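Trainee: One structure follows; several queries about it will come next.
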Amino acid sequence: MFKSGYVSILGKPNTGKSTLLNKLVNEKISIVTFKPQTTRDNILGVLTDKNFQIAFIDTPGILKVKDGLSRYMMNNVKDASLSADIVLYTISDETGADDADFRFINNLKNSGLTVIVLLTKIDSRDKFKTAENLNSLNNVDCEVIPVSSHKNINIDTLIKVITDNLPEGEKLFDEDFITDKSLKFMCAEILREKLMLSLDKEIPYGLSIDITSFKEEKNITKLSADIICEKKNHKAIIIGKGGLRLKNIASLARADMEKLIGGKVMLEVYVKAKENWRADNKLLQENGYGKNI
């Protein structure tokens, strides 16, 4: 009896969704930073075993819609929940659950979805606080599993619970398929990850990456990328004195791109300012966010 299905990973920002996806499929296919709202697109990651195939969908953190970009992100969350056989709803042990979490969980259950609640990041708190957070979830009327992606706590248990709840079915993808995202997309995300880790305050949230050229040659992959920022004064901050900050960011990104591609990468980066692009539908479309706003 073979089982297969879609499992969407939902939750508020910074609850460990992307780290969990990477752990579940044993590949870094979703970028990870300590900052909320890192993920913007739905990221597919597939785990295949001799008895099952699980198509995980990492989603943006649930937030209030305030501009075109956040609308795009929340529409991605909606799409992922509608297409799911199972929803993993993540709550960070660092914050515990609040009323909004319980509303989200109840809404998902009332729509007929199978919901598994995950208390994530349990390695970052003391056991007494974790026990308190778990106790607060006693009344959610669905399976609750405490997990740590970094310490590999209860990951195997989670996979078993998921497979127990999956429907019978054939493989959804080829056995060696891991993600539907292209190398071009993943390289853009790597660059955005390094920018988010290197920049402070609001600047990272107003950045987008446009890969203007992507050429795979025999012994090298050549990329050109535009870093799009929202304000002209942000451009100078990103570049840094004498171009040192941008050079360092590009160097870090190139190293990860070479690990991903498995070969040498030549990366050229440029910085361009497009005022308030997150609120402009035309600019959103130009930056690859036009399909779901």
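Trainee: Going by how many other Cβ atoms sit within 10 Å of their own, how do 39, 130 line up, fewest first?
Mentor: Arranged by neighbour count, lowest to highest, 39, 130 become 130, 39.
Trainee: Starting from region 55-156, pick out the trypsin sites (Lys or Arg not before Pro) whose DSSP state is loop and whose Cβ has at most 12 other Cβ atoms within 10 Å.
Mentor: Answer by residue number: 64, 66, 151.
Trainee: Now for a separate question. Which chymotrypsin sites (Phe, Trp or Tyr not before Pro) in region 140-224 pass both tests, a DSSP loop state and at most 15 other beta-carbon atoms within 10 Å?
Mentor: Within region 140-224, the qualifying chymotrypsin sites (Phe, Trp or Tyr not before Pro) (loop, at most 15 other Cβ atoms within 10 Å) are 173, 177.
Trainee: Just the C-alpha atoms of region 183-286: what Rg/Rh do they give, with Rh taken as the Kirkwood radius?
Mentor: Reported Rg/Rh (Cα atoms, Kirkwood Rh): 0.97.
Trainee: Using a 10 Å cut-off around each Cβ, can you sort 234, 150 from fewest to most neighbouring Cβ atoms?
Mentor: 150, 234
Trainee: Let me ask another. Step through the residues of region 24-34 one at a time and calculate ³J(HN,Hα) from phi using the Karplus curve (6.51 cos²θ - 1.76 cosθ + 1.60, θ = phi - 60°), rounding each to whole Hz and writing x for Gly and Pro.
Mentor: Residue by residue, region 24-34 yields 5, 9, 6, 8, 8, 10, 10, 5, 9, 9, 7 Hz.
Trainee: Please rank 43, 162, 238, fewest neighbouring Cβ atoms within 10 Å first, as an exposure proxy.
Mentor: 238, 162, 43
Trainee: Please figure out what share of the DSSP beta bridges in region 183-286 is antiparallel and state it in percent, rounded to the nearest 5.
Mentor: DSSP beta bridges in region 183-286 are roughly 45 percent antiparallel.
Trainee: Right, something else. Specify the inter-centroid distance of region 72-110 and region 235-267, based on alpha-carbon positions, in whole Å.
Mentor: Their Cα centres are 35 Å away from one another.
Trainee: Quick one, can you get me the convex hull of the C-alpha atoms of region 1-69 expressed as volume per residue in Å³?
Mentor: 82 Å³
Trainee: Another question about this same structure. Show that you can apply the helix-only estimate: for the chain, add -39,500 (n - 2.57) for every DSSP H stretch of four or more residues, divide by all residues, and state [θ] at 222 nm to the nearest 500.
Mentor: After summing the helix terms and dividing by residue count, I get -11000 deg cm²/dmol.
Trainee: Could I ask something else about it? Strictly greater than 31 Å: what percent of every Cα pair in the chain meets that?
Mentor: Here the long-distance tail beyond 31 Å is 32 percent of all Cα pairs in the chain.
Trainee: Take the chain, mark every one of the GluC sites (Glu not before Pro) that falls in a DSSP loop and has at most 12 other Cβ within 10 Å, then report the longest stretch left between them, sites excluded.
Mentor: 1-169
Trainee: Could you please tell me the mean projected area of the C-alpha convex hull for region 1-115, averaged over all directions and given in square nanometres to one decimal?
Mentor: 7.5 nm²
Trainee: Pick out which of 96, 68, 240 has the largest mean-square fluctuation in a Gaussian network model of the chain, springs linking Cα atoms closer than 10 Å.
Mentor: Per the Cα network of the chain with a 10 Å cutoff, 240 tops the list.
Trainee: Tell me, what ³J(HN,Hα) does each residue in region 105-121 have, in order and in whole Hz, if you take phi through Karplus 6.51 cos²θ - 1.76 cosθ + 1.60 with θ = phi - 60° and put x for Gly and Pro?
Mentor: Going residue by residue, I get 4, 5, 5, 5, 5, 5, 7, x, 7, 7, 10, 10, 8, 10, 8, 9, 6 Hz, with x marking Gly and Pro.
Trainee: Let me ask you something else. Using only Cα positions of region 92-161, each an equal point scatterer, no hydration layer, compute I(q)/I(0) via Debye at q = 0.22 Å⁻¹ and quote the log10 values to two decimals.
Mentor: After summing over all Cα pairs, the log10 values are -0.99.
Trainee: Same structure again: Only four residue types carry charge here, +1 at the Cβ of Lys and Arg and -1 at the Cβ of Asp and Glu. Report the dipole size of region 183-286 about the Cα centre in Debye, rounded to the nearest 20.
Mentor: 300 debye
All of the numbers you see were taken from the coordinates with simple rules; none came from a lab. Because the structure is a prediction, the values reported are computed rather than measured. All Cβ positions, glycine included, derive from the backbone under ideal geometry; neighbour counts span all protein chains shown.
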